[in-house]
Each structure stands twice: as structure tokens, then as C-alpha cells.
């Protein structure tokens, strides 16, 4: 499902972004001019490193302008704001007559702390009241064990965020979208096991994984873990 366009505003309003395994997440966005560094490989295979400005930002998304390197939708680039670094997928590209481009970016590798350094709502809109149909993601530190059907060896990798119906596995050589496998995830004292499938793949970064919740072992423990992460997030002051 493609990400919806960000709608800039001078107030903290709702925007929309894609959860790589659980559908749309509502995120607040805010107009902000922030100088950030971006780097990676352009469409010609050449390395680039530039300093550009954001137009508006969300918790895990941004629009930037003044990009000189030729890039296309689907490219994954690095970005840093001060000491904080992360990776972003290019969601849209608009090139001006001057040759410079404006990009919309979606974070694919979780960053520690408040990446943009601007005050946003403490929680995604999806967490406020009622049923959590959008299955919001929570930052976490855990690990996964993956085994493709018919193979005897397993792969172990870090898990950097988790939701009721999926997680993000950090892997330099992620599986292809659609790949099915057996998955074990351990976060804190919580252990789950179930069939799973890759729903997004970002080479050099990792992959979004969707759980087969109907065949999951440990679903109650997962719900308790998410409730605990939710309480911790609510207790953190917005910056």
C-alpha cells in the first residue's frame, strides 16, 4: 500500500504513513526547516553526500528539498541530524528545472531518540482511545530467529520495532518480499513463535515482517508487552 502524501501545516496535525507490516499509521507532522546530511548511491551508482533542508517532518517521515543527486522512488539513503543517524526510503521525487529535487522520505531503520528534534505528540494518533485497529509500532530491542521452510540452518538478527501483527528485522541481506518462513521473536521476557512473511525489503537495512497471528504461540504475552511499551511511551515527556 503506497504512503499517502504529507500535508504540511504550521500546527501539529495528523499525517499518514505506511507501516511496513501493519497498514497505515497516523502520524503528526509539522513544518520545520532543519539542515540534515544525506548520503548513499544515486541512480547512476555513484556515491553522494549532501547537506539539504527539510520542509516538514513527522515522527518517521520528512520532505526535503535542494537534493542534487539523481534519485528514484524506492531508493534507500542515509540521513543524519546532528549525532542521530537513520535510513530512509524515497517515496516521491519532484525534480525542478534547475535539476535539484524535492523528496518525500519514510524511515526504514529506526533511530534512537527524537530524530528531528522538534516537538510532536507523544503518541501516534492511532493510540488514542478505542480499538487499536492500525496496530501501532513500538521501538524495542530484541532478536529474531528465522528459518525458511525446507532449510536446516537458521538466521539470527536484531528486532528494532514490534506491533501486534508484525515487526522489523534488521538484516544486511533481507529476504525478498513474499518470502515465507518460521519466526521466533524474543523481546524482554516475551517470546512468540509463528509463521511469517516479508512485506517490505530494504537491502543493507532490514525487512518488515507480518505475523500469521492465527497460528501464533505467545499472543497473550505479546499483548502484555505492547501494553507495557505503551505505558512507557506515555510516561516520556514530549520534546
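Laboratory data are not the source of any read-out in this text; all were calculated from the coordinates shown. Please read all numbers here as calculations on a predicted model, not as lab measurements. Every residue, glycine as well, gets a Cβ built from its backbone with ideal geometry; the counts of neighbours run over all protein chains shown.
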*Pop the C-beta distance of residue 148 and residue 234 into the FRET formula with R0 = 35 Å and round what comes out to the nearest 0.05.*
0.35
_Nitroxide proxy distance, nm - points 7 Å out along Cα→Cβ at residue 37 and residue 100_ = 2.0 nm
*Can you give me the P(r) profile for the stretch 135-235? Cα pairs, bins 5 angstrom wide beginning at 0, each as a whole percent.*
3, 14, 26, 27, 17, 9, 3, 1, 0
*Förster-model FRET efficiency, 22 Å R0, residue 72 and residue 155, C-beta, rounded to 0.05*: 0.15
